[in-house]
Amino acid sequence: MDKVESLYIHFPLCRHLCNYCDFYKTAPSVNDRTVKLNEFQSLLSKSITRLNQLFKDSDASWGKLKTLYIGGGTPSLWGETGASFLKQFLEKNQIIFSDSLEATLEVNPGTWTDEGLEAFQSLGFNRFSLGVQSTENKFLEKIDRVHRKEEVLKTLEKFKNMKVNFSVDFMLGLPFSKELNRNIIEELEEITSYEPDHISLYILTVKDNYPFYSNLPDDEWIEDEFLKVSDFLRNKEYEHYEVSNFCKPKKHSIHNSKYWRGESIAALGPSATGYFSGSNKRYKWKTLGPEFEVEQLSESSARMEKFYLGLRTSQGIDLTEFFEANHLKNMLDLGKEWSKKRLCKLNDNHLLLTPRGYLIMDSLMDEVFIKVKSL
């Protein structure tokens with residue numbers, strides 16, 4: 001029996017659709033927001049019935065939740081209404097919190113109220129992820145964010161004063177970074193002065209129809225930004241514990257770490273993706289209606305994902321868990337080549353990528369497939 005102890009809920013509403021974001025979301029007018037909220041809550045109520053049937057079909061059951069994560073979209077718009085609905089929803093469906101629960105709510109500057117935050121805290125939420133991206137208005141404008149520096153600093157001050165576990169999302173590779181000589185270290189100096197427990201660092205990735213595609217910095221600029229930030233944050237005593245994530249001691253994201261270890265996670269909400277590790281089964285909710293598509297992973301595909309995700313973390317991987325005989329020898333040879341290029345550290349059979357290696361993970365995976373053909 002696959003016991004599921006984590007739940008992700010995708011909240012699809014925003015107050016504005018940013019020009020770079022490809023997560024599923026809508027931006028109803030203020031007058032229409034209540035109607036759309038009610039539709040979303042109705043969708044969750046219908047979806048849980050379908051999900052429980054999938055649990056049964058997949059030989060899975062609910063355990064006490066150790067992690068709950070509400071992402072989006074802009075979940076902080078859900079406010080007191082959301083906290084009240086969620087309390088009743090969880091109780092009705094007998095989804096119970098464990099004593100060690102990590103419950104995370106994503107919050108954007110300019111979209112929260114004291115009452116809304118207090119309501120989620122009363123429900124048991126003890127971790128908050130703040131969508132800052134930049135502290136400079138000229139870059140916030142370029143990526144079409146509707147908040148400005150004043151709201152960023154107000155939000156950071158609020159969460160510092162709340163004395164809660166909070167994370168900051170920050171973006172690299174923004175358009176016009178090179179032309180406007182963006183100083184990311186100066187921005188991060190300001191952010192870290194508010195003492196966030198965790199920082200998620202994302203490189204802007206867009207398609208070629210993005211309005212500022214021709215104004216994106218080149219690979220050399222982005223590599224310099226990434227390595228500078230990694231050095232800066234590690235000197236500030238943040239652990240670079242996953243390609244895009246840094247944390248103070250013992251403040252890693254427990255929920256996201258479950259993804260990277262390939263553990264079971266339930267999911268609800270339009271476009272949300274869940275996974276049953278016991279049966280190697282992945283499902284993704286459709287954006288309209290309580291229906292999902294199921295993907296049955298082969299043993300080799302599941303193994304490949306576990307290898308890739310393990311390589312993304314500071315835990316690294318034990319090559320003997322994935323390879324044997326000639327394949328193991330080929331991987332050890334490859335690890336030695338990477339080590340000479342300062343892309344990884346290789347200790348006996350244990351391989352750990354460096355920040356420089358993190359930057360070119362896709363290329364490194366291509367080399368793995370060439371060396372061993374398959375996992």
Matching residues in region 333-370 (among the small types (G, A, S) and either over 15 Å from G310 (Cβ atoms) or in contact (Cβ under 8 Å) with a residue 40 or more places away in the chain (or both)) number 2
Return a yes/no flag: does region 77-90 have any residue that is farther than 30 Å from M1 by Cα and part of a strand (DSSP E or B). no
For region 299-375, which helices (runs of 4 or more DSSP H) that fit wholly inside it have 1 or more residues that are under 25 Å from K258 (Cα atoms)? 299-311, 355-359, 361-372
Unique residue being among the small types (G, A, S), under 30 Å from V168 (Cα atoms) and surrounded by fewer than 13 Cβ atoms within 10 Å (Cβ to Cβ) when the list is S29, S61, S76, S42: S29
In this structure, is K284 surrounded by fewer than 19 Cβ atoms within 10 Å (Cβ to Cβ), assigned to a loop (DSSP other than H, G, I, E, B) and without any contact (Cβ under 8 Å) to a residue 40 or more places away in the chain? no
Positions within region 223-244 being free of Cβ contacts under 8 Å to residues at least 60 places away in the same chain and touching a strand residue (DSSP E or B) at 6+ places or on another chain (Cβ under 7 Å), in sequence order: E225, V229, L233, R234, Y238, S244
Here the residues within region 143-157 that are crowded, with 22+ Cβ neighbours inside 10 Å and modelled with pLDDT under 95 are R145
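Please state which one of T111, T104 is in the same structural domain as V152 (by TED's automatic domain parsing), closer than 30 Å to R50 by Cβ and part of a loop (DSSP other than H, G, I, E, B).
T111
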Output the number of residues of region 278-332 satisfying the condition of being closer than 25 Å to S363 by Cβ and not acidic (D, E). 30
Selection over region 176-196 where residues are basic (K, R) and touching a Leu at 6+ places or on another chain (Cβ under 7 Å) yields a count of 1
Can you tell me which residues in region 176-231 are over 26 Å from H252 (Cα atoms), of a type in the set (S, T, Y) and surrounded by 15 or more Cβ atoms within 10 Å (Cβ to Cβ)? S177, Y210
Selection from region 1-26 of residues that are of a type in the set (S, T, Y), crowded, with 17+ Cβ neighbours inside 10 Å and modelled with pLDDT under 65: Y20
Inspect all residues belonging to region 344-351 and state whether any of them is outside the structural domain of H252 (by TED's automatic domain parsing) and more than 27 Å from E239 (Cα to Cα). no
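The values are calculated or read from the model by the stated rules, or taken from the named source; none is laboratory data. What you are looking at is a predicted structure, and each value in this text was computed from that prediction instead of being measured. Note that we place each Cβ from the backbone using ideal geometry, even for glycine, and neighbour counts take in every protein chain shown.
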